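Okay, so here's the structure we're looking at.
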Amino acid sequence: MFAYPPQTAFGKPVPKSRIYLHAVPSRRVKELFVSQLSEIVWAHKLSPETLHLPARPGVPEIQIFDLHLKTGVLDDEVLHAIDRAVPYPVFHRIRSEKGIAISAAFKRPSEADSSQWVVGARFTSAFSKPKHDELPLPAAIDLGHLYAALFAPLLPLPPRPGESLSAQVTRCEAYLRLRRQIDQLTARLHREKQFNRKVELNQQLKPLLAEIVRIQAV
């Protein structure tokens, strides 16, 4: 978890109605907002003015939101709605009695309309208790590099040399998808009693295992 410099503090409560106005969530998602969230706070604003780092295409600012939970559960659809309502990259600090979890979806301006943002794959940490020795912000030459450095702890794979954050996120998505497929096939293999079916499942596993090794390679 990172310690954000005092000059980046914003500390403004965000009414749920403001999120509804910009994201237009369904009735069911609004009910999730009410049942799961007690408060949304726009905690920090990382911008050229607050950090003296230049903006970069796709990363004009980075926002830090604190989401205070009523329970230990927060649906991804709530996070997705907030991300659609905020036209900047956002990191969410999800706060509950279990501790704090960090969640972020990879965001980029739409190629068809730069005023619209595309909300991509989401990565969320486990809950952990707050620590007094939080890490300082990573050194960065601009907000684009800072965005990648803040994202790095959430990703399951390290970047390859020269790999963009977008490419790394795509590779991590593929890795997690393959991991789920492998886990499902492995569970079926362990349950299977028939030898012929075990052979078939092993044949299905082989290319997936080879592909996940390729994706993990740095």
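Taken together, the values in this text are just the output of simple stated rules run on the coordinates, not laboratory data. Remember, predicted model here, so these are calculated numbers, not experimental data. Please note: Cβ atoms are built from the backbone with ideal geometry, for glycine as well, and neighbour counts cover all protein chains shown.
Observations, loosely collected:
- Rounded to the nearest 20, the size of the Cβ-charge dipole of the range 172-216 about its Cα centre is 160 debye, with Lys and Arg at +1 and Asp and Glu at -1.
- Calculated from backbone phi, Karplus (6.51, -1.76, 1.60) coupling profile of the range 43-51 in Hz, x at Gly/Pro: 7, 9, 10, 9, 8, x, 6, 8, 10
- Protection proxy ranking for 8-15, 62-69, using the average of other Cβ atoms within 10 Å per residue and placing the highest first: 62-69, 8-15.
- Multiplying the residue separation of GLN181 and GLU211 by 0.36 nm and subtracting their alpha-carbon distance yields 9.6 nm.
- The Cα atoms of the range 16-143 define a convex hull whose projected area, averaged across directions, is 8.5 nm².
- Here the range 172-216 is described by how far its Cα atoms reach on the three principal axes: 34, 14, 9 Å, from widest to narrowest.
- In sequence order, calculated HN-Hα J values of the range 98-103 (Karplus, 6.51, -1.76, 1.60; Hz; x Gly/Pro): 7, x, 10, 10, 10, 9
- Note: the range 88-194, Cα convex hull, 173 Å³ per residue.
- Distances between placed amide hydrogens fall under 5 Å for VAL118 paired with ARG108, SER110, all partners being 5 or more residues away or on another chain.
- Too-long pairs where the Cα-Cα distance tops 30 Å, listed order kept, from LYS12/LYS70; LYS98/LYS198; LYS98/LYS193; LYS30/LYS131; LYS30/LYS98; LYS107/LYS198: LYS98/LYS198; LYS98/LYS193; LYS30/LYS131; LYS107/LYS198
- Look at the alpha carbon pairs under 8 Å that are at least 6 residues apart: their mean separation over the length of the range 2-154 gives a relative contact order of 23 percent.
- Restricting attention to the chain, close to 75% of DSSP beta bridges with both partner residues there are antiparallel.
- Centre separation in Å (Cα based) which lies between the range 9-63 and the range 158-218: 35
- Calculated FRET efficiency, PHE10 to GLU31, Cβ-Cβ distance, R0 = 22 Å: about 0.20 to the nearest 0.05.
- Relative to the Cα centre, the charge distribution of the chain, modelled as +1 at Lys and Arg Cβ and -1 at Asp and Glu Cβ, gives a dipole magnitude of about 800 debye.
- For the chain, the normalised intensity computed at q = 0.16 Å⁻¹ comes to -1.15 (log10 of I(q)/I(0), Debye sum over alpha carbons, equal scatterers, no solvent).
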